[in-house]
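Worksheet: one structure, shown below.
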Amino acid sequence: MSVLKTYAVWDAGTRWLHWINALCVVALMVVGFLILNAGALNVPNTGKVTIKTIHVWIGYLLVLNLLCRIVWAFFGNRYARWRSILPGGRGYFQALRSYVAAFRAGHPEQYVGHNPAGRLGIAAMFLLITIQAITGLLLAGTDLFYPPIGHWIAQWVAAPDVAPGVLIPYAPEMYDAAAYESMRAFRKPIALVHLYNFYVLVVIVILHVAAVIVTELKEGGSIISAMFTGRKIISGRPVDEESSSHD
């Protein structure tokens with residue numbers, strides 16, 4: 001009979017950063033959906049500015065949280081660090097093949113931290129959120145004249161008799177028409193990357209949630225509750241067990 005053991009896995013920093021990130025991503029998706037459909041919903045320009053402002057401020061929080069997570073990956077516990085959350089490193093591909101084979105055979109290997117397949121998902125999530133954050137920061141400047149590039153955009157598009165610092169969105173009378181068209185051409189590919197990356201991110205988030213649920217059902221380990229408590233309850237011997245990490 002298998003003996004249940006409790007393993008310390010996610011430290012407090014990792015848990016807080018995970019849930020702040022999750023809430024920001026969901027909130028940005030909801031507000032982003034409203035922005036995409038503002039025309040169909042007959043939202044006036046003032047409403048569009050309000051929605052976009054909310055979107056930008058949540059985006060700033062996401063960027064700050066992402067930067068904190070990047071730093072925490074150097075200082076957190078063993079399972080929070082880059083070598084444990086991203087694919088690669090010595091023996092990774094062998095571990096991935098072993099994990100997939102065992103999962104298909106119906107006796108999946110258990111891990112205290114992320115399993116090899118999960119690390120692929122984490123890498124995809126990090127990449128997509130980073131792309132979304134960078135393009136979002138750029139769009140904040142082109143839409144609302146917000147940092148980090150808003151001041152430069154305002155100087156670019158301001159009419160000769162208008163101070164860049166007083167520009168407001170949706171005020172074409174304040175813009176130099178030719179400069180504004182050039183700015184919109186500069187903005188277009190950034191907006192397209194932001195849009196289509198958003199769609200891919202939605203799919204990845206859904207797959208992430210589904211994978212967590214399936215792994216919980218197939219492997220056990222209290223994966224979901226561990227992101228609240230910081231501890232996993234595992235039967236058998238995890239592949240990445242440390243002798244000092246369980247009770």
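No lab work stands behind these numbers, since they all come straight from the coordinates. Bear in mind the structure is a predicted one, so any value in this text is a computation, not a measurement. Every residue, glycine as well, gets a Cβ built from its backbone with ideal geometry; the counts of neighbours run over all protein chains shown.
Worth a mention:
- Applying the criterion of at least 1 residues that are in contact with a Leu (Cβ under 7 Å, 6 or more places away or on another chain) and hydrophobic (A, V, I, L, M, F, W, C) to the helices (runs of 4 or more DSSP H) found wholly in the range 78-158 leaves 116-144, 150-157.
- Just so you know, in the range 46-87 the residues that are in contact (Cβ under 8 Å) with a residue 24 or more places away in the chain and among the small types (G, A, S) include one that is nearest to I134 (Cα to Cα), and it is G59.
- Hey, R119 among the charged types (D, E, K, R) and farther than 30 Å from V56 by Cα or not: no
- Residues of the range 133-187 that are surrounded by 11 or more Cβ atoms within 10 Å (Cβ to Cβ) and among the charged types (D, E, K, R): D143, D176, E181, R184, R187.
- Selection from the range 37-93 of residues that are surrounded by fewer than 12 Cβ atoms within 10 Å (Cβ to Cβ), of a type in the set (G, A, S) and on the phi < 0 side of the Ramachandran plot: G39, A40
- Looking only at residues in the range 94-119 that are among the hydrophobic types (A, V, I, L, M, F, W, C) and surrounded by 15 or more Cβ atoms within 10 Å (Cβ to Cβ), the one that is nearest to S222 (Cα to Cα) is V112.
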